Structures are given as structure tokens and as C-alpha cells.
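These notes concern the structure reproduced below.
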Amino acid sequence: MWDRVVQWTIAVGERILAPIEKFIGKRSLVGEETFFENDRFPWIAEVEANWRTIRAELEKVLEDREALPNFQDISKDQIEITDDDDWKTFFLYGFGFKAKLGAEMCPQTAALMEQIPGMKTAMFSILSPRKHILDHRGPYKGVLRYHLGLIVPQEKEACRIRVGEDVRHWAEGESMIFDDTYNHEVWNDTDETRVVLFVDVLRPLPFPESLVNRAIVKAIRYSPFVLDAKRNQEAWERRYRERRQVQRAAAA
């Protein structure tokens, strides 16, 4: 029954937001494009300046990579684009909710994320070798998607993202920001892992549209769809802590 409620709210939400998204695109202070120039977002420079600090905390997380959740384990709707163990995530924030374990294990990264204006979601996105994420679109145009390359395969051209008709490649310590409501697709056609810092931020809008956008995002935060993901994240965190306790006891 709960799963049916979640799916129903997703379907209803898409219908309600469709006309609003067209208006938001027209009023956007950064335009309506697939990819945006980084200099339109002053906060990016500070994140890039600390990319090695972020990567150092990521590397500690990856020491227990097999225990990390698949994206579809947290956000059940992702099962439409991925159904294997090759897309792992590690959340710091999700639609404004802090992931307690993420903040504990990556305190410096979490602190940096809190300095980003309008930050709503922040996580590590871990893509296994030969993984393909199917064509899909994001849920709402009122937020933009940011990626910071942390671990990038040597064959950069074989590890890519297509947004609309535009294709880009990641580079370590470098950023890209895009509108994920354009259909997009990801390939890692290499034998190496790709990891990015994945952040959603509020789209810059004039007043009073900015207030309306914040209200919509807040409403989405308390939707069954997001609350289900929050519940899944908290359940995973409990299992992870229990696992670590067992490991420490065995090593004692």
C-alpha cells in the first residue's frame, strides 16, 4: 500500500509541476540551457578549492564500498533506470534532510555543502566499470544538478554524460552544472570506477518566483516519495552501524 501511495504521488506531482516548470524556465536568472557556465555560480570556486579534502573523506567511505547502498535501494523510483549493484550512493543530505552517518563520516565535506546557497541534496555518486545509466529526466526544474569530479577514469572520453544533445566528460577537481530535467544518460565504458560529488541546488530566480520555488521544494521534501527515501536511508544507516559494531567486536 505504501509503495502505491509513493507511485501515486509521483504521478500526480509530475502533472501538477509540468506547467510550473515552463514558467520557471522562462524566469530563470541563469537562462534555460543544458549545461551552464561555472562562473555564474560563485560558490563553485570554494568547492573546487577543497576538492582534495572531499576526496580524502570519500576514500575512507570507499574502504567499505560493498556495504554502500545502491541508488535504487534508497530512491525506489530509480529502479526504472538501474537494477543492479553498479551504482552506489553515499548521502550527506537529501532534499534538506541531513544524513547523520554521512555528516559523521565526512564532516568537512558536509560543512562545505552547508555553505552552498540553496543546497538541497548532496551525496557521492559511485559508478562501477561498464555501468550505463539509462535515459531519464529529473523530477523538477526548480533545482539544478552539480557534479564535482573526484575519481575519474584515465579514459575520460569513454566516461561521459549526455544532457539533451550535449555531451561532457568529467575531470578530477573540476565541476559541471546542468539542468537535469533535460533527458540525460550516463556511460562508464571503462574498467575503472567513476565517483562524483552530486549536489542539487535551487535554481536562481527573481523575487517573488524564488519564494514560490522554495515553497514547492519544501512541499516535495515532505511528500511520500521523499519520506520513503528518508526512511530507506535511515534503515540502511542502522544496518551499516550494526555491521561496523560486529566488525569491531570480531577484531577485538
Qualifying positions in the stretch 16-55 - under 15 Å from L144 (Cβ atoms), out of contact with any helix residue (DSSP H, G or I) (no Cβ under 7 Å at 6 or more places or on another chain) and β-branched (V, I, T) | T34
Of all residues making up the stretch 123-142, the number that are open to solvent by less than 10 Å² (accessible area, probe 1.4 Å), assigned to a strand (DSSP E or B) and of a type outside the set (G, A, S) = 5
Filter the stretch 35-66 for residues that are open to solvent by less than 30 Å² (accessible area, probe 1.4 Å), closer than 27 Å to T181 by Cβ and assigned to a helix (DSSP H, G or I) and give the result.
-> I44, V47, I54
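Quick check on my filter: what residues within the stretch 71-96 are basic (K, R) and either within 16 Å of Y240 (Cβ to Cβ) or touching a His at 6+ places or on another chain (Cβ under 7 Å) (or both)? Working first, answer last.
Taking the stretch 71-96 first, the residues basic (K, R) are 76, 88.
Once the filter is applied, which keeps residues that are basic (K, R) and either within 16 Å of Y240 (Cβ to Cβ) or touching a His at 6+ places or on another chain (Cβ under 7 Å) (or both), the stretch 71-96 yields only K88.
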Looking only at the stretch 233-250, which residues are out of contact with any strand residue (DSSP E or B) (no Cβ under 8 Å at 6 or more places or on another chain) and either surrounded by 17 or more Cβ atoms within 10 Å (Cβ to Cβ) or aromatic (F, W, Y) (or both)?
-> W236, E237, Y240
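Across the stretch 202-230, which residue is nearest to F97 (Cα to Cα) among those that are of a type in the set (F, W, Y) and part of a loop (DSSP other than H, G, I, E, B)?
Of the stretch 202-230, the ones of a type in the set (F, W, Y) are 207, 222, 225.
Now narrow it down to the ones that are part of a loop (DSSP other than H, G, I, E, B): 207, 222.
On the way: F207: 25, Y222: 10 Å.
Top of the filtered list is Y222.
Those residues that are of a type in the set (F, W, Y) and within 27 Å of H132 (Cβ to Cβ), I need them from the stretch 94-109; list them, please. Even if it seems obvious, please write down each step before you answer.
Our first condition is that a residue be of a type in the set (F, W, Y); within the stretch 94-109, this holds for 95, 97.
Within the stretch 94-109, F95 is the sole residue that qualifies.
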How many residues of the stretch 206-219 are at pLDDT 90 or above and open to solvent by less than 80 Å² (accessible area, probe 1.4 Å)? The answer is 8
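The values are calculated or read from the model by the stated rules, or taken from the named source; none is laboratory data. Owing to the predicted nature of the structure, the values given are computational and were not obtained by experimental measurement. Ideal geometry is used to build each Cβ from the backbone, glycine not excepted, and the neighbour counts take in all protein chains shown. When the accessible area is computed, the model is the full protein with side chains, heavy atoms only, and any ligands, DNA or RNA have been set aside. Shrake-Rupley method; radii C 1.70, N 1.55, O 1.52, S 1.80 Å.
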